[in-house]
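The values are calculated or read from the model by the stated rules, or taken from the named source; none is laboratory data. Just so we're clear, the structure is a prediction, and the values are computed from it rather than from any experiment. A quick note on method: Cβ atoms are made from the backbone with ideal geometry, for glycine too, and the neighbour counts reach across all protein chains shown.
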Amino acid sequence: MHRFVSPVADSLTPACRAVVFAVTALLVLMLSAQGAVADEESTRPNIVVFVADDAGWDDSSVYGNPRVRTPNIQRLADTGMTFSRAFVTSPQCSPSRASMLTGLYPHQTGAEDLHEPIPAEVTILPAYLQETGYFTGSMLKQHIGRAASRQFDWYSARLGRFEVFLDRRGERPFFLWVGFMDPHRPYLRGTIAEPHDPADVRVPAHLADTPETRREIARYYDEISRMDGWIGRFLDTLKARGLRENTIVIYLSDNGWPFPRAKGSLYDAGMRTPYIWSWPRVVEPGTRREGVASTIDLAPTLLDAAGAEIPADMEGESILAVLAGTESAGARGREAAFSQRNWHGSDDHIRAVRTERFKLIINAYETQPFGLPPDIAQSDTWKSLLARREEGRLNPQQRLNFSLPRPPVEFYDLRRDPHEYTNRAWSPEYAAEQQRLFRELDEWMARTNDYPPGPEPRPDATDRITGRPLEWRHRLLLWAERFVAPWLLPLVEREP
C-alpha cells in the first residue's frame, strides 16, 4: 500500500520529527482537556435564588393560600421539591441573608444585628463558586454590606437585566442571587393591574379585623403577585435559552410577613419560610418534604451540587441527597431547626428550637416590651390594635401582642396549636419533651459559641411600641422608607 509522506515531514531530521510529534500530541491533549472542561461546565448546574423580602411562609397557592395569585411559584413547586417545614436562622432581613450565604448562624457571621454588614474577612457563597469557574451576580436588594457585595462578579439594580447577565457569563455556569424588594412595606395603590380584594384576605385572630388591616393585607398580596410575575419572566427566559433543565431555581423568604407577631418574632409566622427547590434534571417534580429544613443548609448544598468543596467551618449541611432522592429510606432530614432574634431597632436576645411538632422559645429581656420592627409599629394594622386596646376591646389572641412581662419560657405544641396562642411551658403533660428541647438548645448554643444576653438590653434606637425613632440614623432610615421608597420602588420593580 502506498504511504503518503509530506514533503516537509520527509525533509525533517529524526530529531525534528520527534519535536513535531510531541507538540502535536500536546495540542491534542490540551484540546481534549478543554473539551472535558466544557463537558464539566455543561453538566454543572446553573443556579438562580429568588429571595422574597418579608413573604409569609404560607402566602401562596403552594402552601395553602389560593387567595394570593402566585401561578409562577406554583410552577416551581410543580417542577421541584417543596419543603413544608423550613425555617430561617433569624426572623430579620440582613442576619437571615448573611446566614444563607455563609452557611453559618448569625452570631457566627459577625452580622447578627439588623443592618450590620458581613465582615470583610468572611467569605460568602459566590466567592466559593467563582473558584470553581462560576460567573456570579446579584440583583436589587442585597443588605449584606459592601465587602460581601463585592464578592459577586456582577450587579444590577434592575430586574429586567437578566438577559444582560446571561450574555455576560459567556459559556460559564452561573449563580444569580435575586433579592426582591417585594413584599416589604410601604404598601401603595396600583402595584398590579388587578388588585386583590380586601374582602377576600385572611385575617388571623391576633390582628384586628378592620378595613385598614384588610387593605394592608390586600396590598401585601399585590406585591407577592408582582414578584410572582417577575419569577415567571425569569423562568420563561431560562426556557427560551434552553437552560431550564439544568438550572437550580430556589424560592424562599428572608423572614415572615411584616405584621404583628410575625416578622422579628420567633413564632412560625416570623421564622418559617417558603422553600422550594426546582431542578428538572435531578429533582422529581411535584414532591413534598415534610421533615424539618433550615436555610443554613442552602450554601453547602449549592456548593455540593456545583462539585465544590464544602468548607469545614460551615455549620450547614448539604441536602443534595434529599433533593436527588438518594437518602436512606425513612430519613426525615433535620431533627430540629434553630433561630435567633437580636437587635432590630431595639435590643432583644431570643432563642428558639423547632422540631416537627414542638417549639421552645427563651426570652432574655422579659421585663421589656417585645421590640416590634419599626415598619410594623407604624403600620395601620398595628394602629388598629392600639385603638382596640384603648377601647378595651382586645380578644385573648390580640392581647398576646402586648404581653408584659413576657414569659421567659414559651413552649408550643404546633400540632394542637399551629398559631402558638397557648403557652404550655411547665405543663406536666409536656415536661419530658420540654426538657429535651432545653438540652438541645443549650448544646447548640455551646457548640456554635453563641453569646449570652447582657445584664440589660442595649439602649433602644426606636420605641418598642410606636416605632418612633429615638436617634438620627433611624429617623433617616424611616424617613427614606416612608418618603423615598414609594418613588423608587416603581422604577425598579414595575409589574412585568
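You will find that of Asp182, Asp113, the residue that is in contact with a helix residue (DSSP H, G or I) (Cβ under 6 Å, 6 or more places away or on another chain), of a type in the set (D, E, K, R), over 22 Å from Ala293 (Cα atoms) and not in a helix (DSSP H, G or I) is Asp182 and no other.
May I ask you to verify whether Ala205 is part of a loop (DSSP other than H, G, I, E, B), touching a residue at least 40 places away in the same chain (Cβ under 8 Å), in contact with a Pro (Cβ under 9 Å, 6 or more places away or on another chain) and surrounded by fewer than 16 Cβ atoms within 10 Å (Cβ to Cβ)? When the stated conditions are applied, Ala205 passes them.
In the range 447-472, the qualifying residues are those that are among the acidic types (Asp, Glu) and over 19 Å from Ser379 (Cα atoms), and the one that is modelled with the lowest pLDDT is Glu471. Within the range 142-180, the set of residues being among the hydrophobic types (A, V, I, L, M, F, W, C) and free of Cβ contacts under 8 Å to residues at least 12 places away in the same chain comprises just one member, Val164. Just to be sure before I move on: is Thr247 of a type in the set (S, T, N, Q) and either surrounded by fewer than 15 Cβ atoms within 10 Å (Cβ to Cβ) or under 24 Å from His419 (Cα atoms) (or both) in the structure I sent? When the stated conditions are applied, Thr247 does not pass them. When Arg332, Arg288 are checked against the criterion of being surrounded by fewer than 18 Cβ atoms within 10 Å (Cβ to Cβ) and assigned to a loop (DSSP other than H, G, I, E, B), Arg332 stands alone in meeting it.
Kindly evaluate Asp197 against the criterion of being surrounded by 17 or more Cβ atoms within 10 Å (Cβ to Cβ), in the same structural domain as Asp209 (by TED's automatic domain parsing) and more than 22 Å from Leu235 (Cβ to Cβ). It is false that Asp197 is surrounded by 17 or more Cβ atoms within 10 Å (Cβ to Cβ), in the same structural domain as Asp209 (by TED's automatic domain parsing) and more than 22 Å from Leu235 (Cβ to Cβ). Which residues, taken from the range 409-459, are among the hydrophobic types (A, V, I, L, M, F, W, C) and closer than 21 Å to Tyr267 by Cβ? Those that are among the hydrophobic types (A, V, I, L, M, F, W, C) and closer than 21 Å to Tyr267 by Cβ: Val409, Phe411, Leu414, Ala425, Trp426, Leu437, Phe438, Leu441, Trp444, Met445.
The set of residues in the range 143-173 that are farther than 16 Å from Leu238 by Cβ, crowded, with 19+ Cβ neighbours inside 10 Å and not small (Gly, Ala, Ser) comprises His143, Ile144, Gln151, Phe152, Asp153. Among the conditions (1) farther than 30 Å from Gly286 by Cβ; (2) of a type in the set (A, V, I, L, M); (3) in contact with a Phe, Trp or Tyr (Cβ under 6 Å, 6 or more places away or on another chain), the only one that Leu386 does not satisfy is (3). Counting only helices (runs of 4 or more DSSP H) that fall entirely inside the range 340-422 and contain at least 2 residues that are polar (S, T, N, Q) and either within 20 Å of Arg436 (Cα to Cα) or modelled with pLDDT of 95 or more (or both), the qualifying elements are 380-391, 396-399.
Taking the stated definitions as given, is Pro186 of a type outside the set (Val, Ile, Thr), within 29 Å of Ser379 (Cα to Cα) and free of Cβ contacts under 8 Å to residues at least 40 places away in the same chain?
No: the conditions fail for Pro186.
Number of residues in the range 292-314 that are touching a Phe, Trp or Tyr at 6+ places or on another chain (Cβ under 8 Å) and closer than 19 Å to Arg85 by Cβ: the value is 5. Selection of the range 118-141 for residues being surrounded by fewer than 19 Cβ atoms within 10 Å (Cβ to Cβ) and in contact (Cβ under 8 Å) with a residue 24 or more places away in the chain yields Pro119, Ala120, Thr123, Ala127, Glu131, Thr132, Gly133.
If you go through the range 187-221, how many residues are over 21 Å from Phe50 (Cβ atoms) and either hydrophobic (A, V, I, L, M, F, W, C) or under 20 Å from the mean Cα position of the chain (by Cα) (or both)? Qualifying residue count for the region: 10. Does Arg406 satisfy the criteria of being in contact (Cβ under 8 Å) with a residue 12 or more places away in the chain, buried (at least 16 other Cβ atoms within 10 Å of the Cβ) and of a type outside the set (Ser, Thr, Tyr)? Answer is yes for this residue. Within the range 227-239, residues that are surrounded by 23 or more Cβ atoms within 10 Å (Cβ to Cβ) have Cβ atoms under 8 Å from residues that are among the small types (Gly, Ala, Ser) in these pairs: Met227/Ala52; Met227/Ala55; Asp228/Ser60, counting only partners at least 6 apart in sequence or on another chain. Candidates Glu391, Glu429, Glu410, Glu433: the one that is out of contact with any Lys or Arg (no Cβ under 7 Å at 6 or more places or on another chain), under 23 Å from Tyr451 (Cβ atoms) and not assigned by TED's automatic domain parsing to the domain that holds Ala86 is Glu410. The residue that is farthest from Val48 (Cα to Cα), among those in the range 303-345 that are among the hydroxyl-bearing types (Ser, Thr, Tyr) and touching a Ser or Thr at 6+ places or on another chain (Cβ under 8 Å), is Ser339. In the condition set (1) among the charged types (D, E, K, R); (2) closer than 24 Å to Pro374 by Cα; (3) at pLDDT 95 or above, Glu194 is compliant with all but (2).
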